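The values are calculated or read from the model by the stated rules, or taken from the named source; none is laboratory data. Computed from a prediction, not measured in an experiment: that's the story for all the values here. Cβ sites come from the backbone with ideal geometry, for glycine too, and all protein chains shown count toward neighbours. Calculation scope for accessible area: heavy atoms of the full protein, side chains included, ligands and nucleic acids excluded. Shrake-Rupley method; radii C 1.70, N 1.55, O 1.52, S 1.80 Å.
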Amino acid sequence: MPPKTRISRERIADGAFALVRRDGIDALSAKNLAKELSCSTQPLFWWYANMEEIKSVVLARANSMFEECLKSGAEGANPYKAIGINYIRFAKEQKQLFKALFMSDNNGRDVLSSIEQMPFILDALNTQSVMDKECSRIVMREMWLFAHGIATMTATDTAQFEQEDVNRMLSDVFKGLLNNYGEKPYKNE
């Protein structure tokens with residue numbers, strides 16, 4: 001009898017990520033993951049204490065991919081606007097990962113608080129306008145809410161948006177917020 005092939009911790013994480021990326025976070029179960037890996041459920045629990053631990057690994061990887069996407073820039077857009085564009089692009093291109101990160105029970109994770117843990121967003125905003133810290137925080141949160149609405153409709157296929165419409169809407173809302181808070185207009189639309 002040939003020796004059994006041992007399934008690595010990394011292969012389990014890769015399989016779980018692929019499963020969630022394709023079928024969504026609700027598809028992540030021991031049975032489905034074992035099927036994805038063509039093995040029994042036993043190897044999963046050699047390496048991981050439970051499915052929650054596997055889910056945490058998947059969400060951490062999805063979050064890293066998300067942050068990398070946000071930082072990637074967008075042709076012809078200033079750094080802050082590029083973040084909004086990329087947020088919506090991530091929702092379009094990685095629908096299941098977007099839903100897992102922002103549209104499911106994330107163990108009480110507050111989506112708005114999570115943006116404050118990404119200082120590069122506030123840094124990008126501050127390169128585009130001159131405002132005090134509190135105004136920057138408010139503008140960032142309100143822009144995030146607006147972009148999240150578009151991204152959610154995109155991820156759920158409840159609306160489709162042309163890229164030029166997304167660009168225009170993000171600019172219009174940003175200009176309105178800056179006007180509302182009496183700040184100097186931003187540089188390079």
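Some notes on this structure:
- The sole residue among Ser8, Ser72 that is more than 24 Å from Leu122 (Cβ to Cβ) and open to solvent by 40 Å² or more (accessible area, probe 1.4 Å) is Ser8.
- Any hit, region 76-91, residues being within 30 Å of Arg168 (Cβ to Cβ), exposed (fewer than 14 other Cβ atoms within 10 Å of the Cβ) and more than 20 Å from the chain's Cα centre (by Cα): yes
- Options Glu116, Glu183, Glu93; residue that is modelled with pLDDT under 90, charged (D, E, K, R) and closer than 22 Å to Leu59 by Cα: Glu116
- From the list Ala49, Ala27, Ala34, Ala62, the lone residue that is out of contact with any Lys or Arg (no Cβ under 7 Å at 6 or more places or on another chain) and under 30 Å from Glu164 (Cβ atoms) is Ala62.
- In this entry, Lys133 is excluded by the filter for residues that are among the charged types (D, E, K, R), at pLDDT 90 or above and open to solvent by 30 Å² or more (accessible area, probe 1.4 Å).
- Residue within region 104-112 that is assigned to a helix (DSSP H, G or I) and open to solvent by 20 Å² or more (accessible area, probe 1.4 Å) present: yes
- Complete set of residues in region 141-168 that are open to solvent by less than 50 Å² (accessible area, probe 1.4 Å), without any contact (Cβ under 8 Å) to a residue 12 or more places away in the chain and part of a helix (DSSP H, G or I): Gly149
- In region 65-85, the residues that are β-branched (Val, Ile, Thr) reach residues that are part of a loop (DSSP other than H, G, I, E, B) with C-beta atoms within less than 7 angstrom, at least six apart or across chains, in these pairs: Ile85/Ala74; Ile85/Ala77.
- Within region 43-64, the set of residues being open to solvent by 60 Å² or more (accessible area, probe 1.4 Å), over 14 Å from Arg11 (Cβ atoms) and not acidic (Asp, Glu) comprises Phe45, Ala49, Asn50, Ser56, Ser64.
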